[in-house]
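Asker: Dropping the structure in here first, questions after.
The values are calculated or read from the model by the stated rules, or taken from the named source; none is laboratory data. Fair warning: this is a prediction, and the values are worked out from it, not measured in the lab. Note that each Cβ is placed from the backbone with ideal geometry, even for glycine, and that neighbours are counted across all protein chains shown.
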Amino acid sequence: MGSASNSPHRKPEADAITRFYDQYPYPPPVTDLDSYLDSWNEPGRRRAEHHLLFPSQPFRENPDLLVAGCGTSQAALHALRWPAAAVVGIDVSETSLRHSEELRRRYSLDNLELHRLPIERVAELDRSFDIVVCTGVLHHLADPDAGLRALRGVLRSDGAMHLMVYARYGRFGVEMMQEYGRMLGTSTSKEEVRDLAETLAEVPDGHPLAHLLRNSPDFRRVDAFADALLNPRERSYSVPELLDTIQRGGLVFGRWYRQAPYRPQCGAVAATPHAEALAALPEPEQFAAMELFRGTMVRHSFIGYRSDYPPGKGPPSFDAGGWLRAVPIRLPDTIAVEERLAPGAAAVLINPSHTYTDLVLPITDAEQRLYQAIDGKASVTEIGRKAGVDANAPTGHLADFFRKLWWYDQVAFDTSALAGEAVAP
Ligand SMILES: C[S@@+](CC[C@H](N)C(=O)[O-])C[C@H]1O[C@@H](n2cnc3c(N)ncnc32)[C@H](O)[C@@H]1O
């Protein structure tokens, strides 16, 4: 394992965050990644992930990938998932890196390198990357903008970043309980964390923390509980604050990693009297309005690109006709349910990674024929032809249906055959 010297970061070990993660490494360490490995052996999973990040770049198995703030297992998971990739994991916490190193050895991950290095000094690696993954970290930095700029500095111009930061409104209950903990002087000793967990189990229904206590896996284990409630430094972002941060960092917003919760065209809100007015807002305002409407989003997970990303290589634009030649690829784990359906529905499409239960998509018989023809090879036009739907009506049924599948996180698009034509970001 490589090591770095000093702080903010010449001396990572002097920082409160480093000490905290040395005591409570995150996520709670695991030793068995066999079922994870099995799931990524499924053909097509890596290709779907690639095109989620890079709709317009031909699929490749060997990206250079940085996991920044890798914690106990994330870098090892990426090295398992992309066996032909060169993966680098960095973190300030020695304990977390030790767990990562154990996984590296146990699974013979020769494609994984680990370094004790703060994000702020990532340039010292003297490397650049196709993919930078940084989830659950930037909001803990003393200066998140500086961290983001440092990451952008090692991202290749046609690379992609997958970032996740805390969302503001859904974490209001967490902030309340952080203040409560400070009033009582709750320390991070195992005993006091256990007492806090036991006490908070009694917060009344309707408390702003209740939805997390009942639903989030992070509140089921004492160590994860400490991460959520006793972290010495964190901040959170509303959608507009996040979009400003991305812009200040010299990046552009690509897409939400899972976008349906941010789209007023999806779920229960689409059938309300406000549906049309919400959908008429510019996209950034649609996203901001949906964060306010949903009220319980606890994190924002998204894909960003450098602002000097080569033109025409971004996500598909449904305003242009070119995407009709794009190839839809089903996202992993999505399912079609054909039981207990509402009248007129032939199936209901579900992406189980959605936490909001209204984000299910009922489809008709004709739509089911289109859906069943998605094989990861045929373009939208070819699928339309197979299913007997006229592809010369780009604003008609075919266009609407595939845009809906995309909004609902059912498909990603491979637009690489279009070589940049008519698919401007
Ligand atoms: C909540 S954990 C997230 C771990 C991992 N990214 C994941 O999603 O599973 C935050 C991690 O960021 C690390 N970290 C915090 N500040 C850092 C910094 N300045 N540079 C590098 N890593 C940092 C912590 O040590 C911790 O392992």
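Asker: How about the range 236-255: which of its residues are touching an Asp or Glu at 6+ places or on another chain (Cβ under 7 Å) and closer than 17 Å to THR296 by Cα?
Answerer: The answer is SER238, VAL239.
Asker: Please give the helices (runs of 4 or more DSSP H) falling wholly within the range 1-116 in which 3 or more residues are modelled with pLDDT of 90 or more and touching a Phe, Trp or Tyr at 6+ places or on another chain (Cβ under 8 Å).
Answerer: In the range 1-116, 45-53, 74-81 are the helices (runs of 4 or more DSSP H) which contain 3 or more residues that are modelled with pLDDT of 90 or more and touching a Phe, Trp or Tyr at 6+ places or on another chain (Cβ under 8 Å).
Asker: Something else now. Taking only the range 346-392 into account, find how many residues are closer than 25 Å to SER416 by Cβ, under 28 Å from the mean Cα position of the chain (by Cα) and among the charged types (D, E, K, R).
Answerer: Selection size over the range 346-392: 2.
Asker: Being touching a Pro at 6+ places or on another chain (Cβ under 6 Å) and not small (Gly, Ala, Ser), is that true of even one residue in the range 229-250?
Answerer: So the first thing to find is which residues in the range 229-250 are touching a Pro at 6+ places or on another chain (Cβ under 6 Å), and the list is 243.
This time we only want the ones that are not small (Gly, Ala, Ser), so: 243.
Yes.
Asker: Of (1) within 16 Å of the ligand (Cβ to nearest atom); (2) in contact with a helix residue (DSSP H, G or I) (Cβ under 9 Å, 6 or more places away or on another chain), ARG46 satisfies all except one. Which?
Answerer: (1)
A quick yes/no check of all residues on (1) within 20 Å of ASP64 (Cα to Cα); (2) assigned by TED's automatic domain parsing to the domain that holds ASP38; (3) touching a strand residue (DSSP E or B) at 6+ places or on another chain (Cβ under 8 Å); (4) within 14 Å of the ligand (Cβ to nearest atom):
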residue	(1), (2), (3), (4)
GLU94	no, yes, yes, yes
GLU102	no, yes, no, no
ASN111	yes, yes, yes, no
ILE119	yes, yes, yes, yes
SER128	yes, yes, yes, no
ASP145	no, yes, no, yes
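Asker: Would you call GLY185 at positive phi and touching a residue at least 60 places away in the same chain (Cβ under 8 Å)?
Answerer: Against the criterion (at positive phi and touching a residue at least 60 places away in the same chain (Cβ under 8 Å)), GLY185 does not qualify.
Asker: Would you confirm whether any residue within the range 66-78 is more than 23 Å from VAL165 (Cα to Cα) and out of contact with any Gly (no Cβ under 8 Å at 6 or more places or on another chain)?
Answerer: No, every residue in the range 66-78 fails to be more than 23 Å from VAL165 (Cα to Cα) and out of contact with any Gly (no Cβ under 8 Å at 6 or more places or on another chain).
Asker: Would it be correct to say that LEU281 is buried (at least 16 other Cβ atoms within 10 Å of the Cβ) and of a type in the set (A, V, I, L, M, F, W, C)?
Answerer: no
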